[in-house]
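Before any comments, here is the structure.
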Amino acid sequence: MPQKRLSVVVTRRLPEAVETRLSELFNVTLRDSDAPMSRAELAEAMADCDVLVPTITDQIDAGLIGQAGERLKLIANYGAGVDHIDVETARRRGILVSNTPGVMTDDTADMVMGLMLAVTRRVQEGLAVMQAGSWDGWAPNAFLGTRLGGKRLGILGMGRIGQAVAKRAQAFGMQIHYHNRRRLRAETEEAFEATYWESLDQMVARMDVISVNCPHTPSTFHLLNARRLKLMKPSAVLVNTSRGEVIDDSALTRMLKAGDLAGAGLDVYQHGIKGNPELVNMPNVVMLPHMGSATIEGRIEMGEKVLLNVKTFADGHRPPDQVVPSMH
């Protein structure tokens, strides 16, 4: 007898190629709207499916997991970060969680460099002048920024993305420094000519650019708090493409308004889509709508990881990208 096809619910619109392949393999319920599901819709979906495919915009907390039906055995997240899923509660309920690590590494690292350049070379200010039609022509002292070559880059979180940033920054002639939970192997440090700082305070105080590339966990919440941000040089720039919760948003805003920090490039925000409105029109702040991993190639590769995780689970094996509580 042919094996019964798994019931899969997808919470957001995914690339067409991914949706088509899911439809071929499983009894899949796709999302017609590109809006996030409401909590009630999520609860309804989780009550009657074998596999849920959520995204970062879906808060899968203990309450929702507690209401899940007996059939739900896998939450196959479309994305690498799983801080929006209560992995521990899922595990206790016998529900596996998987993610899509590694596929957005290069795309996110590219965006870090883009934000770094945009802030240090005042791209936003130049763009605003051109769009307003108010450019009077070239002048020796107009729009003077700072070069990246020779500057010290402090990478907070030297995992896959942090190392990809280091590789790119090296090509720009930057000096690589990093703080990480664990020191890298000597040969990896040598490859990046990287300096390890056990003390985050000491690193932050000496850098020209800080790039936040660590996940959001209880231990990294407000890792860059008001006290630590104040250690930064007034000429320094802060770039965050990781998670907004790692930075104290209010303290950062106060410092930028007071001129105690040269600028910031932000792709993520502490309060989700509500980036601090006080920063929106600041010329030295570049704000993007969480575009770090937004490439066609990256989104399809994320989908392929989801497909592999669900198919492996359907075949009776553990998903290759299973997340366990100690991992995040």
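Measuring against 20 Å, Cα to Cα, the residue pairs 73/305; 274/305; 167/274; 233/274; 230/274 contain 274/305; 167/274; 233/274; 230/274 as the ones spanning a longer distance. Measure nothing fancy, just the Cα-based angle from helix 160-171's long axis to the longest principal axis of the chain, in degrees from 0 to 90, nearest 10. With rounding to tens, the tilt is 30 degrees.
A crude spin-label estimate for the pair residue 219 and residue 300, with each label 7 Å from Cα along the Cβ direction, gives 3.8 nm. Between residue 48 and residue 125, the simple spin-label model (points 7 angstrom out along Cα→Cβ) gives 5.8 nm. If the chain linking residue 191 and residue 24 were pulled fully straight, counting 0.36 nm for each residue of separation and taking away their Cα-Cα distance, it would gain 55.7 nm.
The protection proxy used here, the mean number of other Cβ atoms lying within 10 Å of each residue, ranks peptides 245-257, 77-89 as follows, highest first: 77-89, 245-257.
Sequence-distant contacts, meaning Cα pairs under 8 Å at least 6 residues apart, place the relative contact order of the chain at 18 percent.
Set the Förster radius R0 to 25 Å, insert the Cβ-Cβ distance between residue 202 and residue 91 as r into 1/(1 + (r/R0)^6), and round the FRET efficiency to 0.05. That pair, residue 202 with residue 91, gives E of 0.10.
Annotation: extensible slack from residue 227 through residue 141 equals 27.5 nm (criterion: 0.36 nm per residue apart, minus Cα-Cα distance). With all projection directions averaged, the alpha carbon convex hull of segment 190-266 covers 5.2 nm². A quarter of the convex hull surface defined by the alpha-carbon atoms of the chain gives 19.2 nm² as the mean projection. Overall, the chain carries a charge dipole of about 720 debye about its Cα centre when +1 sits on the Cβ of Lys and Arg and -1 on the Cβ of Asp and Glu, all other atoms neutral. Taking the three principal axes of the alpha carbon atoms in segment 115-274, the coordinate ranges are 52, 34, 25 Å, sorted in descending order.
If you plug the beta carbon distance of residue 182 and residue 134 into 1/(1 + (r/R0)^6) with R0 = 56 Å, you get a FRET efficiency near 0.65.
Around the amide H of residue 194, modelled in the peptide plane, lies no amide H under 5 Å away from a residue 5 or more places distant or on another chain.
For the chain, find the longest principal axis of its Cα atoms and tell me its angle to the long axis of helix 123-132, 0 to 90°, nearest 10. Helix 123-132 and the main axis of the chain meet at about 90 degrees. Taken along its three principal axes, the alpha carbon spread of segment 219-308 comes to 48, 31, 22 Å, from the longest extent down to the shortest.
Backbone geometry of segment 277-285 corresponds, through the Karplus equation with coefficients 6.51, -1.76 and 1.60 at θ = phi - 60°, to 3J(HN,Hα) couplings of x, 5, 8, 4, 9, 7, x, 9, 10 Hz, x marking Gly and Pro. Two decimals, Cα atoms only, Kirkwood Rh: what is Rg/Rh over segment 153-223? Result: Rg/Rh = 0.93. The label-point distance for residue 33 and residue 317, in a model that sets each label 7 Å from Cα toward Cβ, rounds to 3.9 nm.
For segment 1-70, the residue among 36, 17, 53 whose Cα projects farthest onto the positive side of the dipole built from Cβ charges is 17.
Any read-out appearing in this document is the output of simple, stated calculations on the displayed coordinates, not a laboratory observation. In this text, all values refer to a predicted model and were calculated from it rather than measured experimentally. No Cβ is skipped: glycine too gets one built from the backbone with ideal geometry, and neighbour counts run over all protein chains shown.
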